[in-house]
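Right, one structure below, let's go through it.
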Amino acid sequence: MKNNRIFCLSVLLLPLICSCNESEDILPKFLCDMLSKDYAILLAKESSETENYVAKELKDTYFRCTNVNLDILDDIAMLNGKNFISLGNTEQFNGIQARKKIDLSKQALNEDGFYIYTESNNIYINAYNDRGIMYGVYEFLENTLGVKYLSHDYTYYPLSLKEVNLYSYDKAYVPLFPQRAYLNTPVFDNDFNYVAHMRFNTDYAVMPSYMGGSSLWHQFPIPGHTVGSILPYTNYLEGGVDSNGMPLIKEEYKEVYQHRYIDDKVVNNWYLGELDLCYTNGVDYNISNSNSTLNLMIESLKEILTKDTTCEYLHIGQADVAFSCPCSHWSESASKYKSSGVMIRFVNKVEEAVNSYLRETQNGREVTFSMFAYSYNVQPPVNDEGKPIDETVIPNKRVTIKYAPIQADYVYSLDDSRQNESTRNQLKKWSVLGCDFMAWTYATIFSNYYYYYPHYQSLRNLLTELHNANVIYEFDQSLYNEYNVYQQYLDAYVFSKLCWDIDKDVNELVKEFCKYYFGDDAYMDVYNFHMLMDGHYNYLSTKAITLDSGGSFITGTNFPYQLMNKACQYFADAIAKTNASSSKQKETYIKHLEIASLTPLYMSLRFYPYYDGVNDEMTSSLASKFFDLTDKYGVKKYGENSLLTIANLKKEYGI
């Protein structure tokens, strides 16, 4: 999509310090005005496709902001006395490296980190991998030129710069997690430019090789709940349907899936798209049966990984159902090991067999398998003393737990004293297993996208807790099927910045985003809206009101008319100020403001029936205003469920 522009005359920004070397406490020193000197971009003679791609990005962005064209060279002799921005392992960087011994190892940079160094007014950007070099260029553009990557279709570019003040760099930028992403609509839809600008690394949007790729996961059609792709029930159908209209599975495979019949009575009549497996079959019984769940899983994964010879990770994700198999085998095993222990015992055996096969057939290759701690198996397999139940529930070295506390209240971090009891300290209990973890956290009210929910205020503590728990992949899921919900871009911005500098002030990040996304005339009104609503959430928490992820607390009683009227007024004022301004970005800012205003408008509309003094005429007027905006911007969804559409919402209001 076309990116919009903002006009500005100069930029005097200091580089952000994330994870630094021994000079961390030394303030950056002014070096020069880059526009007073001639610069070029310097690549190695055998540069990678990513280095060539990001050199072009750097050249184009620098020209857009300064009207100065930077040559891209791979020969120091062609510089003719120019200063340079070195990308990757150029001869000049190698000379610096021989003297300075910069640590570019995977361990030091946590896979995707990078190092920026300045000397003699030259700039060196290098990393462990190509993604890191790309991220280093974006860091330089943000902090030296003042570019701001804000959303999938809007980047702030300061134009017609008269000076570009270069300050000294000598630091490593290291992400909290090797893999990280905030899942919103553009990430779900594989907007790779957005993914790269947010510096994400995720199996949900695998970047092309010219962007450095992503960590090597096996790609299933649905990356989360994968067992239906590993063992699709359609491979085992007999033909015909049973008395409940469910397709018949062949007799020898019936116990592979969650048991549907016990003593000839239907106990499970699942929607087959969410058909889960019986994970005791082949582990606790049917051990020598070639048609057990375990053996079929092993053979399927051998075939998958024989074809996919490059992946390093594979996720064995249970179906998205709230209940385990109801059979007696599961009940007996779960009573001893807990449901999570049942899953770990199953995945451990899968990993042992599949990796043994890979080592023998693919020159010692091994794959790391991840499994969910989610829904019915989110409780850790520990005893009353907080220790592992036995050695069989400890994940193998090549098995990682993907912790997904969907039952949490997402406005709080996991260990916040206000977090619900079923979640608080749960990850700490898991940690006694001594394995690596991944995390799949949640960020929105999925039944009402336009309910205000300040998840971003929990992020600093949440990310710190996950980092301290040895999490190697943090995946924060928000809404993913509607572009016109503003909160997803603000949250992603805060998430991204904190993943690279956990000490950043969250409210300052909110203010920064608002300033560049809504413009100078309006941003303080939007920022004040956020502070108003965040303050009210804090007030509600002091009243022992549970701020649950289902949003049941979001009512007209808890969000009174005066509050919501003030929230709407902030946007009305911001739009009026922008309309009265001479900004060349007026049209874009109005669009951003009107889309952001949908949140207080929607909440007010939902609460109007419960407010004293609000009549049908007022409700009708507000409904018209809300739906005029949804029509103007093509809003389709207001919640995750297929029925939660704007078209159906209109019917509620007779429109």
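Derivation of every value follows stated rules applied to the coordinates shown; laboratory data play no part. These numbers come from a predicted model, not from an experiment. Please note: Cβ atoms are built from the backbone with ideal geometry, for glycine as well, and neighbour counts cover all protein chains shown.
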Reference-scaled alpha-carbon Rg (2.2 N^0.38 Å with N residues) for the range 57-128: 1.21
Label-reachable residues, the range 351-380, where backbone N falls under 14 Å from a point 7 Å from Lys106's Cα toward its Cβ: 365-368
At q = 0.12 Å⁻¹, base-10 log of I(q)/I(0) for the range 554-655 (Debye sum, equal scatterers on each alpha carbon): -0.44
Dimensionless Rg/Rh of the range 172-217 - Kirkwood Rh, Rg from C-alpha atoms: 0.94
Translational D in µm²/s for the range 580-624 (Stokes-Einstein at 10 °C, 1.306 mPa s, Kirkwood Rh from C-alpha pairs): 129 µm²/s
Relative contact order (%) - criterion: Cα under 8 Å, at least six apart; region: the chain: 11 percent
Three principal axis lengths of the range 294-395 [C-alpha, angstrom, descending]: 43, 27, 20
Cα principal axis extents for the range 373-431, largest first, Å: 35, 24, 18
Fraction in percent of alpha-carbon pairs per bin - 5 Å, the range 318-372: 4, 17, 21, 19, 14, 11, 8, 5, 0
Leading residue at positive end of dipole, the chain (Cβ point charges), from Phe369, Leu462, Gly613: Gly613
Whole-number D in µm²/s for the chain (Stokes-Einstein; Kirkwood sum over Cα pairs; 37 °C, 0.692 mPa s): 121 µm²/s
Per-bin percent of Cα-Cα distances, the range 451-533 [5 Å]: 3, 13, 25, 23, 19, 11, 4, 1, 0
Top positive-direction residue, dipole computed over the chain with Cβ charges, set Ile287, Gln477, Ile133: Ile133
Cβ-placed point charges (K, R +1; D, E -1), dipole of the chain about Cα centre in debye, nearest 20: 840 debye
Two-site FRET efficiency, Asp308 against Ser335, from Cβ-Cβ distance with R₀ of 45 Å, rounded to 0.05: 0.75
Contour excess over end-to-end distance, with Cα ends at Asn121 and Glu46 and 0.36 nm allotted per residue: 24.6 nm
Of Lys148/Lys577; Lys338/Lys402; Lys37/Lys59; Lys515/Lys577; Lys338/Lys429; Lys625/Lys650, pairs whose Cα-Cα distance is over 19 Å: Lys148/Lys577
Dipole in debye (nearest 20) - the range 174-261, about Cα centre, beta carbon charges: Lys, Arg +1; Asp, Glu -1: 320 debye
The range 486-592 - convex hull of the alpha-carbon atoms, volume per residue in Å³: 117 Å³
Estimated FRET transfer efficiency when R0 is 35 angstrom, pair Thr619-Asn190 (beta carbons, to 0.05): 0.30
Under the Debye formula (equal points on every Cα, no solvent term), log10 I(q)/I(0) of the range 412-500 at q = 0.17, 0.18, 0.20, 0.25 Å⁻¹: -0.75, -0.83, -1.00, -1.35
Shape box of the range 272-314 [Cα atoms, principal axes, largest first, Å]: 34, 27, 15
Cα-only Debye scattering, the range 386-534: base-10 log of I(q)/I(0) at q = 0.09, 0.19, 0.21 Å⁻¹: -0.33, -1.18, -1.37
